[in-house]
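The values are calculated or read from the model by the stated rules, or taken from the named source; none is laboratory data. Everything numeric in this text was worked out from a predicted model, so none of it was measured. Heads up, the Cβs are rebuilt from the backbone with ideal geometry, glycines too, and the neighbour counts pull from every protein chain shown.
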Amino acid sequence: MAFTIAIDGPAAAGKGTISRAVAAHFGFAHLDTGLLYRAVGCRMLEGVAPLEAAQSLTKADLERGDLRGAAAAEAASKVATIPDVREALLDFQRAFARRDGGAVLDGRDIGTVICPEAEAKLFVTASAEVRARRRHAELQAAGSASSLAEVLADVRERDARDSERSTAPLRPADDAVLIDTSQLDIEEAVAAAIAAIEARR
Ligand code: DC
């Protein structure tokens, strides 16, 4: 049986952690759709036209070691503004969403564009300052020297690009449950997500 859980929200709000935990809890498959845009972005940095990259993504592209880096994030945010690129990635995401056994997809436009019929929709957010602090801690742990101010500027720039683009901008679906993780730890955020989804089952 198909059951789609759509989880959207800005960068570093806790979407990825919540999505993985929710998928494990319900025994559903999980797709981090940001990786699709990151893979297209990486191919673009290598000189491939973004549309061509989106039309020819392979499993290997999605398993590259550099997908989580800052260069990939920046390039992803740029290719994600191209309507043809978004269109090229649509069928794969929709097929994944309707697979047997249930699916969790996380991204920016899952509840609004990819799966408007999703059985459960969450919009996970947190203040820009909290998200920058979390990202900064992660980067420091990974050995990066960027300052909190730089990370905050980066978070704000990416928010603006994701929210203000004309195609599939970042916004909550009308029927999405809002989860603000600013004051929640991981366990609390995951519990809130599971409770919201249980209410739709
Ligand atoms: O979630 P992330 O940081 O991996 O996303 C990378 C970029 O891809 C981000 O700037 C927004 C874009 N994106 C998108 O436009 N739509 C999605 N469904 C997922 C990501």
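Listed by first and then second residue, the pairs with beta-carbon distance under 6 Å, at least 6 apart or on different chains, first residue in the stretch 162-175 and surrounded by 17 or more Cβ atoms within 10 Å (Cβ to Cβ), second in a loop (DSSP other than H, G, I, E, B), are 162/108; 162/170; 165/81; 168/109; 170/108. Among (1) within 16 Å of the chain's Cα centre (by Cα); (2) in a helix (DSSP H, G or I); (3) more than 16 Å from residue 10 (Cα to Cα), where does residue 158 come up short? Of (1) within 16 Å of the chain's Cα centre (by Cα); (2) in a helix (DSSP H, G or I); (3) more than 16 Å from residue 10 (Cα to Cα), only one is false for residue 158: (3).
Tell me yes or no: at least one residue of the stretch 87-101 is surrounded by fewer than 17 Cβ atoms within 10 Å (Cβ to Cβ) and of a type in the set (Phe, Trp, Tyr). Yes, the stretch 87-101 has at least one match. When we screen 40, 22 for residues that are within 30 Å of residue 100 (Cα to Cα), at pLDDT 95 or above and in contact with a His (Cβ under 9 Å, 6 or more places away or on another chain), the only hit is 22. Highlighted here are the helices (runs of 4 or more DSSP H) found entirely within the stretch 33-111 that include at least 1 residues which are farther than 30 Å from residue 141 by Cβ and within 15 Å of the chain's Cα centre (by Cα): 83-88, 90-97. Restricting attention to the stretch 57-111, the residues being among the hydroxyl-bearing types (Ser, Thr, Tyr) and more than 10 Å from the ligand (Cβ to nearest atom) number 1. Assessment of the stretch 113-122 against the conditions (within 14 Å of the ligand (Cβ to nearest atom) and more than 30 Å from residue 188 (Cβ to Cβ)) yields no matching residue.
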